[in-house]
1. Consider the candidate values [x] 44, 39, 21; [y] 36, 33, 20; [z] 65, 19, 15; state which one is Cα extents along the principal axes in Å computed from the structure displayed.
2. Whenever you get a sec, compute what percent of the accessible area on the chain sits on carbon and sulfur atoms (1.4 Å probe).
3. Using 0.36 nm times the number of residues separating Ser41 and Val59, minus their current alpha carbon distance, what extension gain do you get?
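The values are calculated or read from the model by the stated rules, or taken from the named source; none is laboratory data. Model, not experiment: these values are computed from the prediction. When the accessible area is computed, the model is the full protein with side chains, heavy atoms only, and any ligands, DNA or RNA have been set aside. Shrake-Rupley method; radii C 1.70, N 1.55, O 1.52, S 1.80 Å.
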Amino acid sequence: MDTIYRGEHRAMSRVPRFIGYAFMVAAALLAVAMKKHGVESVGPFPAVAALLFLGMVGVMLVFTDLMVRGLYAQVGAAKERGEENGE
């Protein structure tokens, strides 16, 4: 966070969001496999548990990435308003 106040800017990676999307797609594919082919387990785990876990982690990654980006945008906008007002 020290880099924010020194005026340095590093671009945030979108990799976590894309991994989250991949997990959600994997959960959807597993749901389709469960419906069409009667998949009941993934390794030692029930298929429903694996489906819920993949979907949950995917949504958490995407949601967290978007929230952090929004927070940084708000901080940047507040900082610009402060500079315009001469603070």
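1. Among [x] 44, 39, 21; [y] 36, 33, 20; [z] 65, 19, 15, the one calculated here is [z].
2. Values: 4590 of 6920 Å².
Result for the chain: 66 percent of the exposed heavy-atom area is carbon or sulfur.
3. Numbers: separation 18, 0.36 × 18 = 6.48 nm, distance 2.22 nm.
Length gained between Ser41 and Val59: 4.3 nm.
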